[in-house]
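Structure record follows, encoded as structure tokens.
Laboratory data are not the source of any read-out in this text; all were calculated from the coordinates shown. What you see is a predicted model, and the numbers here were worked out from it, not measured in a lab. All Cβ positions, even for glycine, are placed from backbone atoms using ideal geometry, and neighbour counts span all protein chains on display.
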Amino acid sequence: MEPDSSSPPPPSPEHILQVGLGFWASKTLLSAVEMEVFTELAKHPEDLGAVTGRLGLHPRGARDFLDALVSLGFLVRDEHGRYANTPETELFLDKRKPSYMGGILEMANHRLYPFWGSLTTALRTGEQQNEAKAGDDMFAKLYADPAKLKEFLRAMSGVSRGANMAIARKFDWSGYESFVDAGTAQGDLALQIALANPHLQGIGFDLPEVGPIFEDYIVANGVADRVSFTGGNFFEDPLPKADVVLFGHILHDWDLEQKKHLLRMAHDALPEGGAVIVYDAIIDDERKENAFGLLMSLNMLVETQGGFDYTGADCRGWMEEAGFRETRVEHLVGPDSMVIGIK
Ligand SMILES: C[S@@+](CC[C@H](N)C(=O)[O-])C[C@H]1O[C@@H](n2cnc3c(N)ncnc32)[C@H](O)[C@@H]1O
């Protein structure tokens with residue numbers, strides 16, 4: 001009998017296996033970043049023997065490792081057996097280029113990959129599973145170690161750059177003169193806004209430990225005449241006054257009361273007509289589509305005491321409660337959207 005073409009295809013295990021064993025591909029890429037495969041190959045293409053020697057690989061796994069990276073689309077191999085980067089890995093994973101965005105993958109490799117091994121415990125207990133397991137503030141714990149502090153702040157720039165550039169261009173900055181980026185980390189959002197909008201003056205606000213790393217980055221990128229740092233704690237100190245207050249990947253770190261507190265602080269810092277811009281991997285209102293946003297929320301379960309990601313409707317509701325009169329959601333790039341509130 002002919003199969004009925006109108007009936008759906010029979011169930012296949014393919015998707016289940018692909019996701020279930022997805023960590024194979026993920027860890028292969030993370031180890032490649034850790035061993036600087038892409039930085040090495042950005043110097044020039046190399047054959048198996050040369051890459052094996054330069055990276056200190058054991059011959060047993062070397063060929064499979066490199067060919068797995070070829071088959072995953074992160075390397076190419078020519079007819080002479082020489083390995084080279086793809087245009088994407090050449091641009092984004094060569095450590096010597098300013099466009100390097102491997103910081104987030106370095107942190108994923110060192111921290112998130114082992115912590116996610118305890119996801120089931122987090123789901124059963126509701127408790128974070130990182131360095132701060134005892135329940136203390138994740139940032140205090142992380143920032144006690146200068147190497148981790150730097151790795152975390154650089155990781156933030158890597159993961160946020162696309163959205164930062166989109167905010168710098170998509171938001172209509174023409175009616176505003178100043179901004180404060182609250183929880184600025186290395187300062188990439190402040191930098192991108194300043195580069196795209198020469199009329200603006202900006203402040204990066206973050207815990208005092210972050211100051212030197214922010215300042216190095218801002219000076220190196222040539223906007224120190226318009227962008228400065230203010231150290232403080234946004235649960236204890238008022239935010240500096242400005243026409244626009246931004247929270248990039250901040251609200252999802254905190255519980256509901258803390259989220260609402262931050263929006264009230266933004267409201268206090270703004271003049272009438274001023275804007276708050278919140279951005280995260282905002283979950284779709286139906287909570288069905290933005291898998292990255294939902295997984296990010298599980299990442300907050302693993303990483304923080306009370307943090308969670310949220311929908312655009314959730315955030316608009318909190319903004320309205322804080323006194324913002326007009327609110328809207330605008331897509332940025334990939335899974336990220338911004339929620340804008342006008343005072
Ligand atoms: C998830 S990172 C986001 C960084 C950056 N906005 C981005 O989107 O890439 C959170 C930032 O909040 C800062 N932060 C944490 N607790 C803070 C506090 N109590 N006061 C001020 N900043 C804080 C951290 O230092 C860190 O830079």
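Quick grid of which residues meet (1) out of contact with any helix residue (DSSP H, G or I) (no Cβ under 6 Å at 6 or more places or on another chain); (2) in a strand (DSSP E or B); (3) within 11 Å of the ligand (Cβ to nearest atom):
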position: HIS252; (1), (2), (3): no, no, yes
position: GLN258; (1), (2), (3): yes, no, yes
position: LEU262; (1), (2), (3): yes, no, yes
position: PRO271; (1), (2), (3): yes, no, no
position: LYS288; (1), (2), (3): yes, no, no
position: PHE292; (1), (2), (3): yes, no, no
position: LEU295; (1), (2), (3): yes, no, no
position: ASN299; (1), (2), (3): yes, no, yes
position: VAL302; (1), (2), (3): no, no, no
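Would you mind telling me which numbered condition in (1) at negative phi; (2) crowded, with 24+ Cβ neighbours inside 10 Å; (3) near the ligand (Cβ under 9 Å from one of its atoms) GLU209 fails?
Status for GLU209: all satisfied but (2).
Scan the stretch 134-183 for residues that are in contact with a Phe, Trp or Tyr (Cβ under 6 Å, 6 or more places away or on another chain) and under 23 Å from GLY306 (Cβ atoms) and jot them down.
Those that are in contact with a Phe, Trp or Tyr (Cβ under 6 Å, 6 or more places away or on another chain) and under 23 Å from GLY306 (Cβ atoms): LEU142, LEU149, ALA182.
For the structure I just gave you, tell me whether ALA242 is surrounded by 20 or more Cβ atoms within 10 Å (Cβ to Cβ), touching a helix residue (DSSP H, G or I) at 6+ places or on another chain (Cβ under 7 Å) and in contact (Cβ under 8 Å) with a residue 40 or more places away in the chain.
Working: surrounded by 20 or more Cβ atoms within 10 Å (Cβ to Cβ): yes; touching a helix residue (DSSP H, G or I) at 6+ places or on another chain (Cβ under 7 Å): yes; in contact (Cβ under 8 Å) with a residue 40 or more places away in the chain: yes.
So ALA242 fits the description; yes.
Just to be sure, is LEU93 crowded, with 17+ Cβ neighbours inside 10 Å, in contact with a helix residue (DSSP H, G or I) (Cβ under 7 Å, 6 or more places away or on another chain) and farther than 27 Å from ASN130 by Cβ? Before the answer, list the steps.
Numbers: crowded, with 17+ Cβ neighbours inside 10 Å: yes; in contact with a helix residue (DSSP H, G or I) (Cβ under 7 Å, 6 or more places away or on another chain): yes; farther than 27 Å from ASN130 by Cβ: no.
Answer is no for this residue.
One line per residue, one yes/no per condition, for (1) within 11 Å of MET265 (Cβ to Cβ); (2) more than 20 Å from the chain's Cα centre (by Cα):
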position: ILE218; (1), (2): no, no
position: PHE229; (1), (2): no, yes
position: ASP243; (1), (2): no, yes
position: PHE247; (1), (2): yes, no
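Of all helices (runs of 4 or more DSSP H) completely enclosed by the stretch 9-111, which ones contain at least 1 residues that are without any contact (Cβ under 8 Å) to a residue 60 or more places away in the chain and under 30 Å from LYS150 (Cα atoms)? Quick ask: steps written out before the conclusion?
On the way: elements: 14-20, 22-34, 37-43, 48-55, 59-71, 87-92, 103-107.
Correct list: 22-34, 37-43, 48-55, 59-71, 87-92, 103-107.
Where the second residue is among the hydroxyl-bearing types (Ser, Thr, Tyr) and the first is surrounded by fewer than 21 Cβ atoms within 10 Å (Cβ to Cβ) and lies in the stretch 275-299, which pairs have Cβ atoms under 7 Å and are six or more apart or on separate chains?
Once the first residue is surrounded by fewer than 21 Cβ atoms within 10 Å (Cβ to Cβ) and sits in the stretch 275-299, its partners that are among the hydroxyl-bearing types (Ser, Thr, Tyr) give ASP284/THR311; ASP285/THR311; ARG287/THR311.
Scan the stretch 137-165 for residues that are among the basic types (Lys, Arg) and closer than 23 Å to GLN258 by Cβ and jot them down.
Of everything in the stretch 137-165, those that are among the basic types (Lys, Arg) and closer than 23 Å to GLN258 by Cβ turn out to be LYS141, LYS148.
Picking from ARG169, ARG154, which residue would you name as being closer than 19 Å to ASP253 by Cβ, charged (D, E, K, R) and in contact (Cβ under 8 Å) with a residue 24 or more places away in the chain?
Details: ARG169 fails: closer than 19 Å to ASP253 by Cβ.
Result: ARG154 is the single residue among ARG169, ARG154 that is closer than 19 Å to ASP253 by Cβ, charged (D, E, K, R) and in contact (Cβ under 8 Å) with a residue 24 or more places away in the chain.
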